[in-house]
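Notes to accompany the following structure.
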Ligand SMILES: C[S@@+](CC[C@H](N)C(=O)[O-])C[C@H]1O[C@@H](n2cnc3c(N)ncnc32)[C@H](O)[C@@H]1O
């Protein structure tokens, strides 16, 4: 029956819904924190055989997991895996990007000490904005439940608050009645005509 289902999923699901609205076959996208590769796989499916997805992670174990996932889906032809911090984004990528996905925090099931950090996350965001195409999208899934998570969230909140309103659309999706630090979503879209 129409109107008889949940309108909203978790922050990861809602990020993907936005990304689906923006990314077209043949586009170039970036996963700034590939982890086990779920977002990379999702982007690879959206861009199709003629598109490209760059995927960063500082941990080889994460890149290995991502590669294995992509191998299973026959998607490796359109992927560039980069074993480096996302704050070196423009050292590796100069293409105009349609979408950049950040999923902050630590690798689930991995070393919880290796997390994204405020300074490097902000630097990566700065660089991403420079090569994002008009109407391109940046999504950030943000976790506050681990040590350093609140500080990183605060830095990212400060950063998005400073984005000029005439050039950027910024939205936040939070889950006020969820228990135990639910991840939430920040999304930033570059307005058309803005480079
Ligand atoms: C929450 S996980 C990402 C989950 C992933 N999106 C997925 O679908 O499985 C965060 C990842 O960010 C990585 N990371 C931490 N600092 C980083 C940095 N400076 N640059 C790139 N990746 C980083 C971690 O190694 C970890 O794998």
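The numbers here are math on the coordinates, done by the rules we state, and not lab data. Keep in mind that this is a model prediction, so the values were computed, not measured. Positions of Cβ are backbone-derived with ideal geometry, glycine not excepted, and every protein chain shown enters the neighbour counts.
If you take the beta carbon distance between residue 130 and residue 45 as r and set R0 to 30 Å, what does 1/(1 + (r/R0)^6) give as a FRET efficiency, to the nearest 0.05? Efficiency, from the Cβ-Cβ distance: 0.70.
Each of residue 165 and residue 150 was given a label point 7 Å from its Cα along the Cα-to-Cβ line. The distance between the two points is 3.0 nm.
With semi-axes defined as the square roots of five times the eigenvalues of the C-alpha gyration tensor, the equivalent ellipsoid of the range 19-80 measures 18, 12, 9 Å, largest first. Residue separation of residue 83 and residue 61 scaled by 0.36 nm, minus their Cα-Cα distance, works out to 6.9 nm of gained length. Per residue of the chain, the DSSP helices (runs of n ≥ 4 H) give a summed -39500 (n - 2.57) that works out to -10000 deg cm²/dmol at 222 nm. Computed extension gain for residue 172 through residue 117, at 0.36 nm per residue and net of the alpha carbon distance, reaches 17.8 nm. On a per residue basis, the convex hull of the C-alpha atoms belonging to the chain measures out at 139 Å³.
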